[in-house]
Amino acid sequence: MRPSLLRLIPRGPTLLALGVLLGLACPALADLIHPLMPATIFVIVLGTLLRVDGQAVVATLRQPSLSVLLPAVVMVVCPLAIGVAGHTLGLPKEFALAIVLAVSAPPSSGTAAVARMLGLDAAVPLVVTVLSMVLAPVTVPLLAGWFGGLEISALELALRLALLIGGAEGVAFLLRRHAAQVLAARGDVVDGVIVTALVLFAVSTMAGIPAQIAADVPAAMLCLVLAFACNLALQASGALLLPGTLPQRLTVGLILGNRNVGLVWSALGAAASPRMALYFAATQFPIYILPRLIETLISRGKRKATL
């Protein structure tokens, strides 16, 4: 393909945003890809484990502010703060509960991959995501019961997360052991697989959403506004209130804002009402669209640094 044509192909965050819009515009495609969602999550986690430097992960684990404090903020402080804010603002109970449950989820499995795509440190979101998943079987059922009187099986949640993380880490260990040279030489291929999995996941999250939007347009618009407002508020809190360089603060913002809502959604099962499900689906839009805005902020920060 000619270089001039290659420049026309969207890349990085732009490609992720187009994935969500493609799933929304082509419901049949989203329905077709939807069964692949668990596999794409596995590939995203596995690819990120293969591409993140092990020494950087160890260095992150040795910092209590990142390995202890930040996961506690993600899994406990943020849901409680959002719950109080929803009550203070007088949001309808169904929407307020959906927001709390979404924020009680651990960071999105693709956060580390998105961070790498943006040129940020992927080790921090990877470590915080894994540690948050360890906390999830304890915190998510407690928060669901406290705010909504809902029951979520801690054992089922723990087994699901153990299968995802343990399986990915096991495969990553074997690949590093037996194909380290190939991985080092073909890192661009691994990156391409990760991006493809992210886009497929983005498309698959829109399965059934056009019909839900058509059935209740006002509720869908409210869910979309609330999803962007919540994500932006959490990302801004991480970027503005915490110390560090701009890239470090943006990384923390990504961790706080982007959550693995599908995990809580599937754990709730039939207990998730249609409006709660609509909100959970709406959370995917800021996850995949806002990285384009973050990329712009990073570019501006670099330009100012060179002036």
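The values are calculated or read from the model by the stated rules, or taken from the named source; none is laboratory data. Predicted, not measured: the structure shown is a model, and the values here were computed from it. We place every Cβ from the backbone using ideal geometry, glycine too, and count neighbours over all the protein chains shown. These area figures cover heavy atoms from the full protein model, side chains too; ligands, DNA and RNA do not enter into them. Shrake-Rupley method; radii C 1.70, N 1.55, O 1.52, S 1.80 Å.
If you filter the stretch 30-68 down to residues that are hydrophobic (A, V, I, L, M, F, W, C) and surrounded by fewer than 16 Cβ atoms within 10 Å (Cβ to Cβ), you find that the one that is nearest to residue 296 (Cα to Cα) is 56. Close Cβ contacts (under 7 Å, 6 or more residues apart or on different chains) running from residues in the stretch 79-92 that are free of Cβ contacts under 8 Å to residues at least 24 places away in the same chain to residues that are open to solvent by less than 60 Å² (accessible area, probe 1.4 Å) comprise 86/96; 86/99; 86/100; 87/96. Of all the listed residues (171, 182, 190, 217), the sole one being under 21 Å from residue 13 (Cα atoms) and not polar (S, T, N, Q) is 190. Determine whether residue 138 is under 21 Å from residue 69 (Cβ atoms), touching a residue at least 60 places away in the same chain (Cβ under 8 Å) and out of contact with any Pro (no Cβ under 6 Å at 6 or more places or on another chain). In short, no. When the criteria are applied in full, residue 180 fails the requirement of being modelled with pLDDT of 85 or more and out of contact with any Lys or Arg (no Cβ under 9 Å at 6 or more places or on another chain). Pairing residues of the stretch 8-25 that are buried (at least 18 other Cβ atoms within 10 Å of the Cβ) with residues that are at pLDDT 80 or above and charged (D, E, K, R), at Cβ distances under 8 Å and at least 6 apart in sequence or on separate chains, gives 13/292; 13/295; 16/292; 17/292. Cβ-Cβ contacts under 7 Å between residues 6 or more apart (or on different chains), taken from a first residue in the stretch 29-49 that is under 21 Å from residue 190 (Cβ atoms) to a second residue that is not in a helix (DSSP H, G or I), are listed as 41/109; 44/109; 44/110; 45/109; 48/122. For the stretch 77-88, a residue qualifies if it is open to solvent by 60 Å² or more (accessible area, probe 1.4 Å) and of a type in the set (Val, Ile, Thr), and the qualifying residues are 77, 84, 88. All conditions but one from (1) farther than 22 Å from residue 86 by Cα; (2) of a type outside the set (D, E, K, R); (3) in contact with a Pro (Cβ under 8 Å, 6 or more places away or on another chain) apply to residue 228; the one that does not is (1). The stretch 242-307 holds helices (runs of 4 or more DSSP H) entirely within its bounds, and those carrying 2 or more residues that are in contact with a Leu (Cβ under 8 Å, 6 or more places away or on another chain) and open to solvent by 20 Å² or more (accessible area, probe 1.4 Å) map to 246-257, 284-306.
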